[in-house]
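The values are calculated or read from the model by the stated rules, or taken from the named source; none is laboratory data. These figures come from a predicted structure and were not determined experimentally. For neighbour counting, all protein chains shown are included, and Cβ atoms are generated from backbone atoms with ideal geometry for every residue, glycine included. Side chains included, ligands, DNA and RNA excluded: accessible areas come from the protein's heavy atoms. Shrake-Rupley method; radii C 1.70, N 1.55, O 1.52, S 1.80 Å.
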Amino acid sequence: MKPSPNNTKLRKSSDRGYVHQAWLKSYHSFSFTGYYDPAYMHYSVLRVINEDVFAAGRGFGMHPHKNMEIITYMLQGELRHADSLGNTAVIKAGDVQCMTAGTGIVHSEINASETNAVHLLQIWIFPERKLLEPSYKDQHFTQAQKQNRWCLIVSHDGRENSLKIHQDISLFTTLLAENKSLDYMLPAHRSLYIQLASGEIEVCGQHLSAGDALMADGSKEFTFKALTQSEILLFDLPIHHSVDIMQQ
């Protein structure tokens, strides 16, 4: 992690783990499968952010998960989902999918197009407790909902018509137009994680490009300025240093 002003930490896109298979390009923000870095095991309750690009018609067949809250944030293309609960769906750009793996869920995720790639962020959150009942839901969030404002897409209590998961987080997103700015006040007992999905922004005196991340703890007001049209994910999390990963 590179120190930056105001007690924040910057992680450049190029410093992430990278896997390139015949059909998959995947950038790992935290240790995952063949990528291991003890400095990047998790941040607060945030365990995984994988930026994935699937080739046309390809993807992951049926495979299991357990004791994890899984969020899929669609950036481009169409992804076909099926799971052991009987759910099927095709999710597209603007859609957000949440699964509670809990006691166990098996699912597949396949690029629904035979011609175009699919681009997404897969996010794993440690649940507040183990052995929850598995569940699935997805929801579309429009550009108008996100344009130059924070749009709450995932939360612990489902407020503001957000998707509900079993952990004390708030996940916001915005589509910030060039030269527009947006503020966010982080409470003293919380941690912040920013993932820049696209574009370029300035925050805390730092320049972030697509794929970069910013981490911060404690009370502070942040101002995000878009240098180009930018898509930002903001995670408001339990304070990082108080989270015991062994208890998850």
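Each residue in region 185-205 was checked for being open to solvent by 30 Å² or more (accessible area, probe 1.4 Å) and either within 20 Å of L121 (Cβ to Cβ) or of a type in the set (S, T, N, Q) (or both), and 2 pass. Entry remark, region 21-34: residues being touching a Lys or Arg at 6+ places or on another chain (Cβ under 8 Å) and either over 22 Å from N111 (Cα atoms) or not hydrophobic (A, V, I, L, M, F, W, C) (or both) number 4 in total. Please enumerate the residues belonging to region 73-123 that are over 21 Å from A197 (Cβ atoms) and polar (S, T, N, Q). Across region 73-123, the qualifying residues are S84, N87, T88, T100, T103, S108, T115. Residue pairs whose Cβ atoms lie under 7 Å apart, separated by 6 or more positions or on different chains, with the first residue in region 156-182 and closer than 18 Å to Q145 by Cα and the second basic (K, R), are G158/K164; L163/K137; T173/K146; T174/K146; T174/R149; L175/K146; S181/K225.
Of all residues in region 119-146, those satisfying the criterion of being more than 22 Å from G211 (Cβ to Cβ), touching a residue at least 24 places away in the same chain (Cβ under 8 Å), open to solvent by 20 Å² or more (accessible area, probe 1.4 Å) and of a type outside the set (F, W, Y) are E128, R129, K130, L131, E133, P134, S135, K137, D138, Q139, H140, T142.
Among the residues of region 90-108, those identified as open to solvent by 10 Å² or more (accessible area, probe 1.4 Å) and within 20 Å of the chain's Cα centre (by Cα) are V90, K92, A93, G94, D95, S108. Scanning region 18-52 for residues that are within 29 Å of S170 (Cβ to Cβ), in a loop (DSSP other than H, G, I, E, B) and open to solvent by less than 40 Å² (accessible area, probe 1.4 Å) yields S29, F30, S31, Y40, H42, S44, V45. The single residue among R47, R58 that is closer than 26 Å to D212 by Cα and in contact (Cβ under 8 Å) with a residue 24 or more places away in the chain turns out to be R47. For region 157-172, what are the residues that are open to solvent by 70 Å² or more (accessible area, probe 1.4 Å) and either on the phi > 0 side of the Ramachandran plot or in a loop (DSSP other than H, G, I, E, B) (or both)? D157, E160, N161, D168, listed by residue number.
Scan region 53-72 for residues that are open to solvent by 10 Å² or more (accessible area, probe 1.4 Å), of a type outside the set (G, A, S) and in a strand (DSSP E or B) and the total you get is 6.
Inspection of region 207-230 identifies at least one residue that is of a type in the set (G, A, S), in contact with an Asp or Glu (Cβ under 9 Å, 6 or more places away or on another chain) and surrounded by 21 or more Cβ atoms within 10 Å (Cβ to Cβ).
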